[in-house]
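*Asks:* Would you mind keeping the following structure in view while I ask a few things?
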Amino acid sequence: MSPLLEAPGAVAAPDGNPEQGVPWHWGDPFAEQRTATRGVAVVDRSHREVLKVAGPERLSWLHLVISQHVTELAEGSGTEALVLDSQGHIDTHMVLAHVGEAVYLDSDPGAKATSALPKGGPQTLREYLEAMKFWSKVEISDVTGELAVLTLLGPETDRVLSALDISLGAEPYAVSPLEGGFARRMPWPGRSSVDLVVPRAELAGWWRRITDAGARPAGSWAFDALRVESLRPRMGVDTDERTIPHEVGWIGSAAHVAKGCYRGQETVAKVFNVGRPPRLMVLLHLDGSPEVYPETGDPVRLGERVVGRVGSVAQHHELGPVALALLKRSTPMEAELLAGDEDRVVQAAIDPDSVPVEHVGAGREAAARLRG
């Protein structure tokens, strides 16, 4: 539980929301989003789990057990990666930072690796990594209790970094050491994002320093809305047990198509070469006039036929109600869809900018009707 939940103005997420333990918003989630796109905001993401992999063989060993090419991951850099099962289905997503002769892996709370090994095997990401260590010269430790993630968002992020005396490269995933932690530039959400991984015991102090430097407090609501706009999936929300990296945009950014020797690589290479994953993740514009919204896992229908599932649902300060959804690739992009179940069914239209150009068709007109 973040100590910032006790700060004046902090509002906790409702039961069932995946953002438990950190502020959901600070009283005005739409204003927080606007600041995060026009100025600079800071989000408490200290519920993320952080693992540390040290030892002389950390890179060569990680290269064998995750989906990304990391044998030459330089100190002061990072990337994203996955753990896949033998069929190429996604088990875990993580963000990496190589700093101080260690690789830090941070993931959403409750990261699992349940299908990567036979039933009854390791349950958590750390247990999976420990089971794959064998005789490699690596040390794996859970440092979630020692490190906490804060995220700066917005075009004025570098001004705040300068006020904090933090020097960070401009390229995506650039990493710079901090006292007791590190800073990492991210390519999402939005156009400017920086993660500050700081000592957990100093979380409140860092929050004061950042807000004193001009960043507005923002909650996980704002972060999620911008993540959805940026077409970035969340593990376990926008994915199901059948999801492969190609369907949710994690090829290249988190899964390397050329390197071998990792679980699920055959599926990654085959589908990449064929170029036809069975589903596509798209952005849906939802009809907000009924003031009801679908929930994660609800079906998306074309007429009476189920053509997909709803993932993240968000209220965006400009786009209105939106959602990420996994749809069958045969779904017409201009189709008028229904998203939701029971008493929360609403009309939905695919945002044509969220799909490859060859699938767009007449989708712009359908999306414009709902936005209008």
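*Asks:* So how many Lys-Lys pairs in the chain land under 18 Å Cα to Cα, not counting same-chain pairs under 8 apart? Can you show the working numbers first?
*Replies:* Details: LYS52/LYS112; LYS52/LYS133; LYS52/LYS137; LYS112/LYS133; LYS259/LYS270.
Lysine pairs, 8 or more places apart or on different chains, close enough: 5.
*Asks:* Here's something else I'd like to know. For Cα pairs less than 8 Å apart in space and 6+ apart in sequence, what is the mean separation divided by the residue count of the chain, i.e. the relative contact order in percent?
*Replies:* Numbers: 872 pairs, mean separation 61.5, N = 372.
Answer for the chain is 17 percent.
*Asks:* OK, next. Which one of VAL310, VAL65, SER289 is farthest out on the positive end of the charge dipole of the chain, using unit charges on Cβ (Lys, Arg +1; Asp, Glu -1) and the Cα centre as origin?
*Replies:* VAL65
*Asks:* May I pose another question? Quick one: compute a quarter of the convex hull surface over the Cα atoms of the range 50-142 and quote it in nm². Mind dumping the intermediate values first?
*Replies:* Numbers: hull surface 22.0 nm².
With the hull built on Cα positions only, its mean projection is 5.5 nm².
*Asks:* Now for a separate question. Work from the charge dipole of the chain (Cβ charges, +1 for Lys and Arg, -1 for Asp and Glu, about the Cα centre) and give the residue of ALA7, ASN17, PRO299 farthest towards its positive end.
*Replies:* PRO299
*Asks:* What net charge do the residues around PHE30 carry, taking every other residue with its C-beta under 14 Å from that of PHE30, with Lys and Arg at +1 and Asp and Glu at -1? Display every interim value, and only then the final one.
*Replies:* Working: positive: ARG34, ARG38, ARG216; negative: ASP28, GLU32, ASP224, GLU229, GLU318.
Residues close to PHE30 contribute a combined charge of -2.
*Asks:* A further question follows. How far apart, in nm, are two points set 7 Å out from the Cα along the Cα-to-Cβ line at LEU5 and at ALA170?
*Replies:* Computed distance between label sites LEU5 and ALA170 equals 4.1 nm.
*Asks:* Hey, what's the chain come to in accessible area per residue, 1.4 Å probe, Å²? Please list the in-between numbers first.
*Replies:* On the way: 15950 Å² over 372 residues.
Result: 43 Å² per residue.
*Asks:* Calculated from DSSP H runs of 4 or more alone, at -39500 (n - 2.57) each and per residue, what is the 222 nm mean residue ellipticity of the chain, nearest 500?
*Replies:* Working: 8 runs with 71 residues, N = 372.
Helix-only estimate at 222 nm: -5500 deg cm²/dmol.
*Asks:* About its Cα centre, what dipole magnitude does the chain give when the only charges are +1 on Lys and Arg Cβ and -1 on Asp and Glu Cβ, stated in debye to the nearest 20?
*Replies:* Approximately 720 debye in magnitude.
*Asks:* Right, next: Quick check on the chain: of the DSSP beta bridges with both residues there, what percent are antiparallel, nearest 5%?
*Replies:* On the way: 73 of 77 bridges.
Looking only at bridges with both residues in the chain, the antiparallel portion is about 95 percent.
*Asks:* For the range 33-119, which trypsin sites (Lys or Arg not before Pro) pass both filters: DSSP loop (anything but H, G, I, E, B) and at most 15 other C-beta atoms within 10 Å? Please list the in-between numbers first.
*Replies:* Values: sites: ARG34, ARG38, ARG45, ARG48, LYS52, ARG58, LYS112, LYS119; in loops: ARG45, ARG48, LYS119.
Sites meeting the loop and neighbour criteria: LYS119.
*Asks:* Continuing with this model, one more query. In whole Å, what is the distance between the alpha-carbon centres of the range 207-240 and the range 283-320?
*Replies:* Going from one Cα centre to the other spans 20 Å.
*Asks:* So, one more: Net charge around GLN87, counting only other residues with Cβ within less than 14 Å of its Cβ (Lys, Arg = +1; Asp, Glu = -1)?
*Replies:* Details: positive: ARG242, ARG263, LYS270; negative: ASP85, ASP91, ASP240, GLU241, GLU247, GLU266.
Computed value for this residue: -3.
*Asks:* Could you sort 269-282, 76-89, 3-16 so that the peptide with the highest average Cβ count within 10 Å comes first and the rest follow in order?
*Replies:* Numbers: 269-282: 16.0, 76-89: 20.8, 3-16: 13.2.
Packing order, densest peptide first, comes out as 76-89, 269-282, 3-16.
*Asks:* In addition: Find the Rg to Rh ratio for the chain, where Rh is the Kirkwood radius over alpha-carbon pairs and Rg uses the same atoms.
*Replies:* On the way: Rg = 20.4 Å, Rh = 21.3 Å.
Taking Rg over the Kirkwood Rh, I get 0.96.
*Asks:* Carbon and sulfur together cover what percent of the accessible area of the chain at a 1.4 Å probe radius? Don't jump to the answer; show the numbers that get you there.
*Replies:* Details: 7970 of 15950 Å².
Result for the chain: 50 percent of the exposed heavy-atom area is carbon or sulfur.
The values are calculated or read from the model by the stated rules, or taken from the named source; none is laboratory data. Owing to the predicted nature of the structure, the values given are computational and were not obtained by experimental measurement. Cβ sites come from the backbone with ideal geometry, for glycine too, and all protein chains shown count toward neighbours. Please note that ligands, DNA and RNA were not included when accessible areas were found on the heavy atoms of the full protein model with its side chains. Shrake-Rupley method; radii C 1.70, N 1.55, O 1.52, S 1.80 Å.
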